[in-house]
Each structure stands twice: as C-alpha cells, then as structure tokens.
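Everything on this sheet refers to the single structure shown next.
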Amino acid sequence: MPTHAEVRDDLTDILVAVVACDRADVVDEARLEALGVDSLALVEVADELGRRHDRYLVDDVVNHLVTVDDAVRAILEHDGSAGPRRVATSLHHPAPPVVDDEKSHRTSAMSKIAGFFIVLGAIIGVVLGLGGAALVAATGIGGVELPPIAAPSSEPTASASPSPSPEPTEEPEEEEEEDEEPTFEVGSNQVAPGQRFTLSGSFPELDDGEVLQVQVREDDGDWEDFPVTAITSSGGDYQTHVYTSRTGEREFRMLHRSSDTATDSEKVQIG
C-alpha cells in the first residue's frame, strides 16, 4: 500500500508535466483549479495517477476532486480494484466498432436484391442465346459452305545461319540492406488547448508489444517524459493520442528506452 507522501510525489510529477505548475505549489491544501488544472486536464491527471497505482477512479470521484489532498486520498481510500480503463486514455487499444443493426439489415436486403437481379440476368441471357441460335438455324445462315482455302505452295527455305552465342553478363552486386530509421508524425502542428491530436510512425527494427515513451520539451530544453506511452504493433508501427491544456509551442518525439533510440521531433503550437 503506498504512503500519502508517495502518492503526492507521483501526483506532483504528473501536474508538473501536464500543466507546468511549480513543484513547490503542490501541497495538500492547494486547489487543483488554482494550479491550472481544468476539466480536461483533470481527467488526464486522474487517469495517469490511477494507472501508476493500478487504481481506476470513476467519473463521479474524479468530478469531486478539488484539492491535492482529495486526489491523494482518492488513491489511498480506493478498494484496490484496477477496473476498466477510461476510453479517453485507452491510447493503445481502440474501442471495438459499434455494429449498426439497421445498416446491417439494409446491407442484407440489398445483397438479396442484387442476387435476384444477377439470377434474372442469367436467365434472360440464356433465353436470348437460345432464341438467337434458333433464328440462325431457321434462316440457314449456319449452313453456308465456303470454298476450301488453297494450301500455299512451299518455298525453299534458306539455310539457317548460326546465331552468335550470347555474351556473359555480369550479375549486379547485391547492395547491403541499410537499417531503416524510426519515423514520427503528428496529426496536426497547431491545435486548440485540450484538443486531442495523433502521434504515429514506425520503429521498423522493433517487434510488436514494445513500449514507447512520449517525450516533450520547450525552447530546446531537456526532454521530459509526457504521461502517455504507445505500444508497437506488427512491423513496429505505433499510434497514440495526446492532449494538453497548456498553451505555447511544444516539441514532441517518441523514445524506445530499452535501446535508447529516439525518433526525430515535431513541434506543435498549442493555442
């Protein structure tokens, strides 16, 4: 069971990363709103804090978090169940598509109608073909005999000249395969505060299931971990979504910590 201080330290790290507040301002009685946490950022902060301690904070609890102490006690007083992941933060496993029954019925009906017209067309084609054959037989067109074609006289063939033997061709040398560099793209380079945007790309040298860390920095400062990760799929492809309410220009990249390999970065203007 984590202590009050441990949970508050984790919460402090998350608040500094998400809303860039001063670490010294994160005290028990501090109001989250005064630290710069709006409704969108509150969901992001609560979800990341719950993930770190394997606790799921339901919406009713999150909506009643007012102070730093409220958020810490929400983790300490939790019953311990991991619970489902919130849809807004399930970045690696998109929700299954919803099946539209009405659309499915319409599709089935259209398939039946199309099948009927295909069968009807085949029947009409057969009828027209038989009718045409009968018409040809009745008019006697098929019975016309044409004179035989005279066989061409054979001409003396010239002796074949020997063909030159082909010159041996040099096989091109195989080029050594170069390792493919990881790629990184952002869905939009300018978004509104709190607007979700996509980070995607590929680590061709990685297998599926590898964890990638989103990193962020400002004004060419040090890279810091953003509280979002991504998981590679087959071929090293990845995709995740992030959002932040903090305005200004921020630079993002993806890091594979195990191999210490990072992608090129992209800048995003927030606001």
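The values are calculated or read from the model by the stated rules, or taken from the named source; none is laboratory data. For clarity, every value in this text was computed on a predicted model and none was experimentally measured. Note: ideal-geometry Cβ built from the backbone for every residue, glycine included; neighbour counts use all protein chains shown.
Quick notes on this one:
- Scanning region 236-262 for residues that are closer than 18 Å to Gly221 by Cα and either aliphatic (A, V, I, L, M) or surrounded by 16 or more Cβ atoms within 10 Å (Cβ to Cβ) (or both) gives Arg246, Arg250, Glu251, Phe252, Arg253, Met254, Leu255, Ala262.
- Any hit, region 258-269, residues being modelled with pLDDT under 90 and either of a type in the set (Phe, Trp, Tyr) or under 20 Å from the mean Cα position of the chain (by Cα) (or both): no
- Verdict on Phe184 being within 24 Å of Asp47 (Cα to Cα) and out of contact with any Phe, Trp or Tyr (no Cβ under 6 Å at 6 or more places or on another chain): no
- Total residues in region 182-191 satisfying the condition of being more than 23 Å from Ser259 (Cα to Cα) and either within 18 Å of the chain's Cα centre (by Cα) or loosely packed, with under 14 Cβ neighbours inside 10 Å (or both): the figure is 4.
- Residue match in region 37-46 (condition: assigned to a loop (DSSP other than H, G, I, E, B), over 26 Å from the mean Cα position of the chain (by Cα) and not basic (Lys, Arg)): yes
- Of the residues making up region 38-72, those that are touching a strand residue (DSSP E or B) at 6+ places or on another chain (Cβ under 9 Å) and either polar (S, T, N, Q) or under 14 Å from Gly194 (Cβ atoms) (or both) number 3.
- Single residue of region 2-34 satisfying the filter (buried (at least 17 other Cβ atoms within 10 Å of the Cβ) and without any contact (Cβ under 8 Å) to a residue 24 or more places away in the chain) that is nearest to the chain's Cα centre (by Cα): Asp13
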